[in-house]
């Protein structure tokens, strides 16, 4: 049985730790840091990623020893079930941007209990923009409450999508989304899933698509979007698995519904949506 959690205390602690970590990350720009690669040459990790994750784990374990942590850099717990309280932690989402641009990266934390989102935080460090929510209380940007998501016609919509998914690739047939790009007002790509999901929750974007995200990439953004009245599913409109990598399609209710009906479902019906049965 899960112990009672004082979510107000967790909320305040998380915000304090996030801002403290953000200050340390900003200070790192004045020093040199080490860069390594993980799964491929474009999958970067720095010692700042690792230090930041260790900082959060130390704080969480000290204050909430019964809570578990799924972190990108592997310093957390081995989590195979969603029981209890779990922190999904990405210390720096957008490491390539962090390395090359020193902007457009974020700290992302989603806190779930028994698989249900309770608290979410996405902190755009260099812009000092903290998107956060507590279940049932609405979405905030710093101290200002964000208005509920509005409905927008496809022709007036902005979609965050990486150009990879509308050119030749091994995950999805480009014909799935290429027609949509001709219909909508425009596309954006910021190089950080957390920031792009936060922008959907804030109404800066109408939709977001990615074909390969891990739980720490989307846990916070998923909750922010749903708390704001949007929808977040897999690209083929299934429930997201919080313990595995997923395709992600998020957006306002109207955008999500129309794109599913007019573009994704026809691709599925004609069997040209997926390149392969599973992503690599």
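What follows draws every value from the coordinates through simple rules; no lab data is involved. Because the structure is a prediction, the values reported are computed rather than measured. Don't worry about glycine lacking a Cβ; one is built from the backbone with ideal geometry, like all the others, and counts go over all protein chains shown.
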Compute the normalised compactness of the range 154-269: alpha-carbon radius of gyration over 2.2 N^0.38 Å, N being the residue count.
0.95
To the nearest 10 degrees, how steeply does helix 215-227 sit against the main Cα axis of the chain, on a 0 to 90 scale?
80 degrees
Debye equation applied to the C-alpha atoms of the range 7-145, log10 I(q)/I(0) at 0.14, 0.17, 0.19 Å⁻¹:
-0.64, -0.93, -1.14
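Which of rounded, prolate, oblate describes the range 126-182, given a ≥ b ≥ c as roots of the alpha-carbon gyration tensor eigenvalues and a/c under 1.5 marking rounded, otherwise prolate only if a/b is larger than b/c?
On the way: a/c = 2.92, a/b = 2.04, b/c = 1.43.
Verdict is prolate for the range 126-182.
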Cα-Cα pairs above 21 Å in the range 155-218: how many percent?
22 percent
Compare the peptides 203-216, 47-60 by average per-residue count of other Cβ atoms within 10 angstrom and give them in order, highest first.
203-216, 47-60
Mean ellipticity per residue at 222 nm, deg cm²/dmol - from DSSP H runs of n ≥ 4 across the chain, formula -39500 (n - 2.57)
-9000 deg cm²/dmol
Among 267, 193, 250: highest mean-square fluctuation, GNM of the chain, C-alpha pairs under 10 Å:
267
Using the alpha-carbon atoms, what tilt in degrees (0 to 90, nearest 10) does helix 47-63 show relative to the longest principal axis of the chain?
60 degrees
Principal-axis tilt of helix 7-28 within the chain, Cα atoms, nearest 10 degrees:
90 degrees
So if I take the alpha carbon set of the chain, get Rg, then get Rh from the Kirkwood formula, what is the Rg over Rh ratio?
0.96
Let me make sure I get this right: for the range 48-93, a, b and c are the square roots of the gyration tensor eigenvalues over alpha carbons, sorted descending. Under 1.5 in a/c it's rounded, otherwise prolate if a/b > b/c, else oblate. Which is it?
oblate
Go through 181-190, 253-262 and give me the packing order, highest mean Cβ count within 10 Å leading.
253-262, 181-190
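Would you mind classifying the range 228-275 by shape? Square roots of the alpha carbon gyration tensor eigenvalues, ordered a ≥ b ≥ c; an a/c under 1.5 is rounded, otherwise it is prolate if a/b is larger than b/c and oblate if not.
Since a/c reaches 1.5 but b/c is at least a/b, the shape of the range 228-275 is classed as oblate.
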Gain on full stretching of the segment that runs from residue 181 to residue 27 - 0.36 nm per residue minus C-alpha separation:
51.5 nm
